[in-house]
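Undergrad: Have a look at this one before I ask anything.
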There are 4 protein chains.
Amino acid sequence: MKKIGLVGGTGYTGVELLRMLQDHPGVEILTLTSRSEAGKSVTSLYPWLTGYGAELVFAEPSSNALANCDLVFFATPNKIAMEEAIPLLERGIQVIDLAADFRFSDTDVWAATYGGRHAAPTWNARAVYGLPELYRDAIRGAQLVGNPGCYPTATTLPLAPLLKANMLSTDIIVDAKSGASGAGRSARVDLIVAEASDNFHAYGADGHRHGPEIAHQLSRWSGQPIEVTFVPHLLPMIRGIEVTIYASIKGGTTIDDVRQALHEAYADEPLIDIVGPGIHPETRWVRGSNCCRIGVYQQHPGRLILSSVIDNLVKGAAGQAIQNMNLMLGLDEWMGIPMRPLAP
Amino acid sequence: MKKIGLVGGTGYTGVELLRMLQDHPGVEILTLTSRSEAGKSVTSLYPWLTGYGAELVFAEPSSNALANCDLVFFATPNKIAMEEAIPLLERGIQVIDLAADFRFSDTDVWAATYGGRHAAPTWNARAVYGLPELYRDAIRGAQLVGNPGCYPTATTLPLAPLLKANMLSTDIIVDAKSGASGAGRSARVDLIVAEASDNFHAYGADGHRHGPEIAHQLSRWSGQPIEVTFVPHLLPMIRGIEVTIYASIKGGTTIDDVRQALHEAYADEPLIDIVGPGIHPETRWVRGSNCCRIGVYQQHPGRLILSSVIDNLVKGAAGQAIQNMNLMLGLDEWMGIPMRPLAP
Amino acid sequence: MKKIGLVGGTGYTGVELLRMLQDHPGVEILTLTSRSEAGKSVTSLYPWLTGYGAELVFAEPSSNALANCDLVFFATPNKIAMEEAIPLLERGIQVIDLAADFRFSDTDVWAATYGGRHAAPTWNARAVYGLPELYRDAIRGAQLVGNPGCYPTATTLPLAPLLKANMLSTDIIVDAKSGASGAGRSARVDLIVAEASDNFHAYGADGHRHGPEIAHQLSRWSGQPIEVTFVPHLLPMIRGIEVTIYASIKGGTTIDDVRQALHEAYADEPLIDIVGPGIHPETRWVRGSNCCRIGVYQQHPGRLILSSVIDNLVKGAAGQAIQNMNLMLGLDEWMGIPMRPLAP
Amino acid sequence: MKKIGLVGGTGYTGVELLRMLQDHPGVEILTLTSRSEAGKSVTSLYPWLTGYGAELVFAEPSSNALANCDLVFFATPNKIAMEEAIPLLERGIQVIDLAADFRFSDTDVWAATYGGRHAAPTWNARAVYGLPELYRDAIRGAQLVGNPGCYPTATTLPLAPLLKANMLSTDIIVDAKSGASGAGRSARVDLIVAEASDNFHAYGADGHRHGPEIAHQLSRWSGQPIEVTFVPHLLPMIRGIEVTIYASIKGGTTIDDVRQALHEAYADEPLIDIVGPGIHPETRWVRGSNCCRIGVYQQHPGRLILSSVIDNLVKGAAGQAIQNMNLMLGLDEWMGIPMRPLAP
C-alpha cells in the first residue's frame, strides 16, 4: 500500500479526493493537513463521511508525517504548493498540485496570469501537465504534476487532436458553463440558494484565469499561438461543466473528418465518449464520474461546433488527480476511479 | 402622499418592501437608512432594481429624515427596534417592526425566547400583532405594529378560527418547510447552492424561536394554553413556506365542520383561499403574492390535517407589512399589494 | 375598455397573458378559446389564478365572441394563426400571433424553416415584427403583428443598433441558454425534475428554428446577409434567457464606441438597461419583468462579447405581446406591463 | 458468478439496479426484459451508461433466458410479479419484487390498499419483507422477497426498535418528503421543471398507499395495531427522502432511553447512523448510498421527534434489493453496495 498525504483537504476537491482515496485498494491515507482546521475531524466538516471506518483528523501543515508519504496532493489555494511542496520534492516524494502553480511550462505566462514571481521555476520546468489522455507517458515518469483546471480539461480534450491534425484556424471561442461547486466551499452571498438558484449569468467575460491556461495548452498542440475567447457562466446546479466551442475548420476538412479524428484519437480511452451525430451530451451523464463526453455539430460549412461535458470535481479535479496518482505510482490507471455516473 | 422611512432595508425583507413601496400609489419613500451600507446606492446592493426612476441611497441611521416620516418600517435584526424606534414613537410617528420585538403581548415569553430584558415594555403593551385577517380593527388604530413571523403567519391563519370555535385539542404539531430566502441574505456556507440545493433537512428540531410565537398566538385564540411542537425544514428553493399541521378534532366535530368554519371565517378575505377537497396547495400558487392558501384533510376520524402555503417574503414579511401600513395610514388595505402569484 | 380575445391560452404564454390582462386597466378579456380544453375553467388548469374575481371558462374556438373583439391574441402552435386569424383580420380585427407564422417578411425563408407553404402571404406582407424598441412606429399602425421569438428578442436587441451602425462583421455566434419554461407546458420525460434539474446540455446544435429568425432580423438591420451560428442550451431552472454573443468589430471601432452606440440607441427606453463595465446581467434581474439588460465585454482587440438577458415568458413572449397590444390600441405603451423583476 | 435476470428495468429503479449489478463482482446480468422497450439497447434509454463494456439489449418478457437465472428482479408496476414470477418461483428460481405485491403478510390489507384479489396468496405467505436490518435471517433463507417501499423503509428503521421495546404509544404521525425521482420516469406535466422545481406541496394527504404498508410493519413490531397518519410531500430535487416522525413516549421513558435503544439496535449496522444530539441528517448525506441516518429530538416531555433520511432509489429501492440479493445468494451482504454518498 502506497502512503498518501493530503495538504489542505477542506474544500470540495479535498473531500472528493477523500471519497476516492478511502475506497482505493492500492493506497492508504497517511496524513491530512490543514492550517485552518487542524485538530478537527474530517467528519466535523463533512458529516456525510461519518460511519465509514477510522476517523481521520486534520493535522498541522508542519506535520512530519508528510515526509513519510510516497505521494502528496496539494489541494490548496494558488501559490502554496510552489512554496510548501519543494522540501517534499527534494526528499524525492511525488507531488500533485491541484492549483495552478505547475500548469504552465512558461512561468512568464503563469506570472502574467497569477501575478508575482514563480517561487520554484526549476521544479516548474520538470512538472508535467496532468491530462493523462494527452500526456500519459510523461505523467508515468513524473515526480511533479500540475493537475489541470476544470475548464481547460473540458476544452482541451476535444480540441487537442484537431489542432494537432492542423484542422482548425487559430481563433477559438469557448462558451463555458459550470455548476456552483466550481466556486468552492465558500461563504459568499452570491452563491447562496436565494441568489444563485433559478438564476444564470456570465462572469469574467473581460478575462478569466482559465483563458490563458487553455490558450497555453491549445497553442502547444497546434504549434502556433491560439487566440482563445473564453467566457464562463454560473449554472444553478451543483456539479458539471459544459463547454460549447466554436472554431473554423480549414479548407478541405469536413465535419466527418473531425469526428473521425476524435474517434481515432480516443479509440482506446475508456472514459472519453464521442457521442453520435445529433446527440447532445448532458452534464448528468458524467455526474460523479471521471468521464468526458463530446459532441460534434455544424450549421454552416467551415464553422465547427463542439460540446464537451465533464464533472468539474471529478475529471475536472479530484478524479483526474487520482488518475495521475495511479500513473505516477505505477498502479493500474483506473484503480479507484469512479467510472459510472450517478443518474438520475 | 404619506412619507415612509425604512430602517435597515438591506436584507430580503427590505428589498421586497422597496419593490412594493416604489410601485405604491399612496406613499413615497422619504429615507432609507443602514448602518453597514450608508452612502451606497440601493442598486449597488440590488442591481435588479436598476432603471426604475430615482436612485435611492442608504443614509446613516442617525438621519434626521426619519423624524419627518409618517410611518417607519424597521427591517432590522431583533432588539434594534425596541431601542431605536422609541424616539420616533414618542414624536407620534407610526412604526412597523418586522423583527420579533413587538410580537409578544407578554414580555416574559419574549424574554424566555429571545433572552435579556425588553427595553420598551410600555410601548410593547400598546403594540398590535400585525395579522390583518385576525386583528384588522386593532391595526387600524395602532401606532405600533409587530409584524408576524413567516412560520407563525402560515400556521395561525388556518388554526385561529378553529381554536376560537373550540374544535381542536390543545396539542398541535406543526411540520414546516421554508425556501432558503427565509434564512436571509447571509454569507453562510450551509446556504450555498453546492450545499443547499438538491438537499433537504430539518433544523431547530429541539426548539426554534417561532415555536413560542405560534403557541402565544394559538393560546390567545383558544383561550387555553396550546402546546405546539414545531419543526422547520429547509427547502432547496428560493421562496415559499408550506406548513402541514396535525391536530385532534374534538368529539362531534367533523372535517366538514372544520372546512365550513374556515370558509366562514375567511369568506370576505380576498387573499385567503380554502382549496377544495383533495386539492393540495402549492407554494408556487402564492409565489410573489400576499395570498395564503389552505387545504383540509383527514385519514382517521378525529385526526385533522391542514396544509397552508404562503410566500415567506410577502405574506410572511413585506407584503403583510404593507397591508398593515395601509390599514394604519387609513389607505385602501389592498393598495400596492401583490395579489397575483408569478407562476410558472 | 377595449375587448380582447385569446385563442389557445392553455400554455405558459397564455397564462402569462392572462396574468397581465386581468390586471390591465385599459382592456377586458371578452373570450378565451381552446380546442382541447373547451368547457374547462381557467383555474382548473391554473389553480394559482384562483380567487381573483370572475371565473373565466375556455370556449370553443368557433366561438362567435372572437368576432366582437377589438384585438385577438393567438397563443397557438405554429401554422394555426395563418389559417384561423384570417377571417378575423378580414373583419378588421387586430391580431397578434405569438407563434412564428408572421415573423418573416420573406415567406420563402419561413417555408425553409417551418416547412410547407404559407397560407396567407398577402396578410404576411402586411404584418409587422413586434419588437417595439425597433419597430415602434410600424406597430402603432399595424393590424397584424408577429410577436418575436424569445431567443430572437434577446439577440436582436443588443445587435440591431450595432449592425445598423455598420460596426460588426457579418459572422455572428450566439450561444443561448433558456429556462425550462421555454419548452412549454409539455408532458415530456426529458423535462421532468428527475431528468432536467441539476443538469445542463445543448440542443439543436445542428440547427434550430430561431436561427433563421435571428439571421432574418440581423440581416435587415445590417443591410447585408448575416451568418448566424446559434446554439441553444437548456437551463435547470424555470424562467430566463441569457445569450452570449461573439462578433468581430470592424477596424477603427472600439468597445467604447459599441457601448456608446447602445446607450444612444436605447437612451429613451425605460426597460432596456445597458449595464456598466465589468457587470454581468443575471436572469433573475429580469424575472417576471419586461426588461432586457445588456453587458458589453472584450478580451482581444476586434472581438466583441455581449451578454443579454430577458424573461423568456415576458419580454420573450407575453409581456412583449401586451406592449404591442398597447401600441396597436393607442394605449400608453407601458400600461399593465410588469416593469420590476421579482427577486430574490 | 450467479446469473441474474431483470424484468422491466426501464424505470429509475431498473437503471439503479443496472448501475450496481454491472459493477458487482459476484453476479452477471443474464437477461433484461421489457414489454414496451424490447429490442432497444439499454443505452438508447440511458445514454449515461454508454461506454462501459458490453451493450445490453431489452428482450421480450417471454424470454426463455429468465428460466436460466439464479435470481430474478421484478422492477415492474404493481400486480405484475404476482402473476409473472410464479412460473419462475415454481422452477426454484429466487425472486425479488420491487413493487408491492409481496410486502403484506396479510393479503386482506394488501387488497384493501391495492384493490382486487391477490393472485398468489400461497407464495405471498412464504414471502419475506426485504428490510435486512430487521429481517436478515429470514431473508437469507428466502426464495421470495418483497422489497419495501421507500417511505416505509425510512419510517420503519427508526421506529421498529422503539416499538419492540414498548416505548411508544400507538398513534404515530409521519410527515414525509421525497425527491421527484420517487415519482418515476413519467411524462407528467406536474413533474416538469417549470412546474415542480422551485415548488413544494403535500400530496395524498387524504391517504397514500404507503400508509398501510407502514402501519402493517409498525404493528408487527409493536404487537398492537398502530394508527399511522402519513402525509407525503414532493421536493423540488431529484433524490432523497426525509421523514419527520412525531410520537408519544410512554411514561418513564426518556429521550436518552430512546437514543440508547436505537444505538443498541443498530450497533453492528455499518449503514445505519444515529446522528449526535442537535445534528439534523441531510438527504445529501445519503445521496447515491445505501445508508440511513437518524436524528432524535424533543421539545416537550413525552413528545418524541425523529428525522430519518435515505436515498429513495438506493436504500429505498435498488440498493436494498441488491442487499437482499446478496443475502439470498449467500454472498457478502455489502458486496457491490454503494456505501459512500456523493456530496456535494
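Undergrad: Filter the stretch A:179-206 down to the residues that are in a loop (DSSP other than H, G, I, E, B), open to solvent by less than 10 Å² (accessible area, probe 1.4 Å) and closer than 15 Å to B:ASP198 by Cβ and list them by number.
TA: The one that is in a loop (DSSP other than H, G, I, E, B), open to solvent by less than 10 Å² (accessible area, probe 1.4 Å) and closer than 15 Å to B:ASP198 by Cβ: A:GLY179.
Undergrad: Looking at A:SER44 and the list (1) open to solvent by less than 60 Å² (accessible area, probe 1.4 Å); (2) over 18 Å from A:ALA321 (Cβ atoms); (3) within 14 Å of another protein chain (Cβ to nearest Cβ), which single condition is not satisfied?
TA: Going through (1) open to solvent by less than 60 Å² (accessible area, probe 1.4 Å); (2) over 18 Å from A:ALA321 (Cβ atoms); (3) within 14 Å of another protein chain (Cβ to nearest Cβ) one by one, A:SER44 breaks only (1).
Undergrad: Which one of the conditions (1) within 27 Å of C:PRO301 (Cβ to Cβ); (2) more than 10 Å from every other protein chain (Cβ to nearest Cβ); (3) among the β-branched types (Val, Ile, Thr) does A:THR254 fail to meet, given that it meets all the rest?
TA: With respect to (1) within 27 Å of C:PRO301 (Cβ to Cβ); (2) more than 10 Å from every other protein chain (Cβ to nearest Cβ); (3) among the β-branched types (Val, Ile, Thr), A:THR254 is out only on (1).
Undergrad: Can you tell me which residues in the stretch B:262-274 are open to solvent by 10 Å² or more (accessible area, probe 1.4 Å), of a type outside the set (D, E, K, R) and at the interface with another protein chain (Cβ under 8 Å from one of its Cβ atoms)?
TA: Answer for the stretch B:262-274, where residues must be open to solvent by 10 Å² or more (accessible area, probe 1.4 Å), of a type outside the set (D, E, K, R) and at the interface with another protein chain (Cβ under 8 Å from one of its Cβ atoms): just B:PRO270.
Undergrad: Search the stretch D:49-59 for residues being at pLDDT below 90 and over 13 Å from D:ILE4 (Cβ atoms), and hand back the single one that is most open to solvent (accessible area, probe 1.4 Å).
TA: If we take residues in the stretch D:49-59 being at pLDDT below 90 and over 13 Å from D:ILE4 (Cβ atoms), then D:GLU55 is most open to solvent (accessible area, probe 1.4 Å).
Undergrad: Filter the stretch B:293-304 for residues that are more than 7 Å from every other protein chain (Cβ to nearest Cβ) and in contact with a Phe, Trp or Tyr (Cβ under 9 Å, 6 or more places away or on another chain) and give the result.
TA: If the condition is that a residue be more than 7 Å from every other protein chain (Cβ to nearest Cβ) and in contact with a Phe, Trp or Tyr (Cβ under 9 Å, 6 or more places away or on another chain), then B:ARG293, B:ILE294, B:LEU304 are the ones that fit.
Undergrad: Can you tell me which of B:ALA160, B:ALA142 is over 14 Å from the mean Cα position of the chain (by Cα) and within 16 Å of B:ARG220 (Cβ to Cβ)?
TA: After ruling out the rest, the residue left standing is B:ALA160.
Undergrad: Return yes when C:ILE29 is of a type in the set (A, V, I, L, M), farther than 24 Å from B:GLU269 by Cβ and open to solvent by less than 20 Å² (accessible area, probe 1.4 Å) and no when it is not.
TA: The answer is no for C:ILE29.
Undergrad: So, B:ALA75, is that one open to solvent by less than 10 Å² (accessible area, probe 1.4 Å) and outside the structural domain of B:ILE249 (by TED's automatic domain parsing) or not?
TA: no
Undergrad: Starting from the stretch A:117-139, keep only residues that are at pLDDT 95 or above, then list their pairs with residues that are acidic (Asp, Glu) whose Cβ atoms are within a distance under 6 Å, requiring at least 6 positions of separation or different chains.
TA: Listed pairs, sorted by first residue: A:ALA119/A:GLU83; A:GLU133/A:GLU269.
Undergrad: If a residue has to be free of Cβ contacts under 8 Å to residues at least 60 places away in the same chain, open to solvent by less than 20 Å² (accessible area, probe 1.4 Å) and more than 14 Å from chain C (Cβ to nearest Cβ) to count, how many in the stretch A:316-344 make the cut?
TA: Residues in the stretch A:316-344 being free of Cβ contacts under 8 Å to residues at least 60 places away in the same chain, open to solvent by less than 20 Å² (accessible area, probe 1.4 Å) and more than 14 Å from chain C (Cβ to nearest Cβ): 0 in total.
Every residue, every condition in (1) at positive phi; (2) open to solvent by 10 Å² or more (accessible area, probe 1.4 Å); (3) out of contact with any strand residue (DSSP E or B) (no Cβ under 6 Å at 6 or more places or on another chain); (4) modelled with pLDDT of 95 or more, yes or no:
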{"residue": "A:TRP221", "(1), (2), (3), (4)": "no, yes, yes, yes"}
{"residue": "A:ILE238", "(1), (2), (3), (4)": "no, no, yes, yes"}
{"residue": "A:ILE241", "(1), (2), (3), (4)": "no, no, no, yes"}
{"residue": "A:SER248", "(1), (2), (3), (4)": "no, yes, yes, yes"}
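Undergrad: Now, a different point. Could you tell me whether the stretch A:134-149 includes any residue that is touching a Leu at 6+ places or on another chain (Cβ under 7 Å), closer than 30 Å to A:ILE305 by Cα and surrounded by fewer than 20 Cβ atoms within 10 Å (Cβ to Cβ)?
TA: yes
Undergrad: Would you mind listing the strands (runs of 3 or more DSSP E) fully within the stretch C:239-344 where at least 2 residues are over 21 Å from B:GLN22 (Cβ atoms) and among the hydroxyl-bearing types (Ser, Thr, Tyr)?
TA: The strands (runs of 3 or more DSSP E) meeting that bar are C:241-248, C:303-310.
Undergrad: While we're on this one: Can you pull out the residues in the stretch D:78-88 that are of a type in the set (D, E, K, R) and surrounded by fewer than 16 Cβ atoms within 10 Å (Cβ to Cβ)?
TA: Hit for the stretch D:78-88 is D:GLU83, nothing else.
Undergrad: For the list (1) charged (D, E, K, R); (2) within 29 Å of B:PRO212 (Cβ to Cβ); (3) open to solvent by 20 Å² or more (accessible area, probe 1.4 Å), I need the number of the one condition that B:ARG91 fails.
TA: Failed condition: (2).
Undergrad: Residue pairs, Cβ under 8 Å, 6 or more apart or interchain, first in the stretch C:185-199 and facing chain D (nearest Cβ under 7 Å) and in contact (Cβ under 8 Å) with a residue 60 or more places away in the chain, second open to solvent by 20 Å² or more (accessible area, probe 1.4 Å) and not hydrophobic (A, V, I, L, M, F, W, C). List them.
TA: C:ARG185/C:THR10; C:ARG185/C:GLY11
Undergrad: Answer yes or no: is there a residue in the stretch A:54-71 that is closer than 26 Å to D:PRO344 by Cβ and in contact (Cβ under 8 Å) with a residue 60 or more places away in the chain.
TA: The answer is yes; a qualifying residue exists.
Undergrad: Inside the stretch D:293-313, can you point out the residues that are open to solvent by 10 Å² or more (accessible area, probe 1.4 Å) and among the small types (Gly, Ala, Ser)?
TA: Correct list: D:GLY302 only.
Undergrad: Still on this model: Go through (1) more than 7 Å from every other protein chain (Cβ to nearest Cβ); (2) open to solvent by 10 Å² or more (accessible area, probe 1.4 Å) one by one and return the number of the condition C:ASN290 breaks.
TA: Only one criterion is unmet by C:ASN290, namely (2).
Undergrad: Continuing with the same structure: What do you reckon, is C:LYS3 charged (D, E, K, R) and more than 22 Å from C:GLN94 (Cβ to Cβ)?
TA: No.
Undergrad: Can you tell which of C:SER289, C:SER222, C:SER248 is among the hydroxyl-bearing types (Ser, Thr, Tyr) and touching a residue at least 60 places away in the same chain (Cβ under 8 Å)?
TA: C:SER248
Undergrad: Which condition breaks for A:ALA154 when tested against (1) within 14 Å of chain B (Cβ to nearest Cβ); (2) closer than 21 Å to A:GLU264 by Cα?
TA: For A:ALA154, the failing item is (1).
Undergrad: Which number in (1) open to solvent by less than 10 Å² (accessible area, probe 1.4 Å); (2) assigned to a helix (DSSP H, G or I); (3) more than 24 Å from B:ARG287 (Cα to Cα) marks the one condition that B:ILE172 misses?
TA: Checking B:ILE172 against (1) open to solvent by less than 10 Å² (accessible area, probe 1.4 Å); (2) assigned to a helix (DSSP H, G or I); (3) more than 24 Å from B:ARG287 (Cα to Cα), the one that fails is (2).
Undergrad: Sort out which residues of the stretch A:275-287 are closer than 18 Å to A:GLY316 by Cα and facing chain D (nearest Cβ under 9 Å), and write them in order of number.
TA: Selection gives A:PRO281, A:GLU282, A:ARG284, A:TRP285, A:VAL286, A:ARG287.
Undergrad: What is the number of the single condition among (1) part of a loop (DSSP other than H, G, I, E, B); (2) under 24 Å from B:GLY149 (Cα atoms); (3) open to solvent by 60 Å² or more (accessible area, probe 1.4 Å) that B:SER62 does not meet?
TA: Exception for B:SER62: condition (2).
Residue-wise test of (1) touching a strand residue (DSSP E or B) at 6+ places or on another chain (Cβ under 9 Å); (2) closer than 15 Å to A:TYR151 by Cα.
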{"residue": "A:PRO232", "(1), (2)": "yes, yes"}
{"residue": "A:LEU235", "(1), (2)": "yes, yes"}
{"residue": "A:GLY251", "(1), (2)": "no, no"}
{"residue": "A:GLN260", "(1), (2)": "no, no"}
{"residue": "A:ALA267", "(1), (2)": "no, no"}
{"residue": "A:GLY276", "(1), (2)": "yes, no"}
{"residue": "A:CYS291", "(1), (2)": "yes, yes"}
{"residue": "A:GLN299", "(1), (2)": "yes, no"}
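Undergrad: Here's something else I'd like to know. Residue under question is C:LEU234, and the condition is that it be more than 18 Å from the chain's Cα centre (by Cα), away from chain B (no Cβ under 14 Å) and open to solvent by less than 40 Å² (accessible area, probe 1.4 Å); does it hold?
TA: Here the answer is no, as C:LEU234 does not meet what is asked.
The values are calculated or read from the model by the stated rules, or taken from the named source; none is laboratory data. If you're wondering where the values come from, they're calculated on a predicted model, not measured in any experiment. FYI the Cβ positions are ideal-geometry reconstructions off the backbone, even for glycines, and counts take in every protein chain you see. The area values use the complete protein model at the heavy-atom level, side chains included, leaving out ligands, DNA and RNA. Shrake-Rupley method; radii C 1.70, N 1.55, O 1.52, S 1.80 Å.
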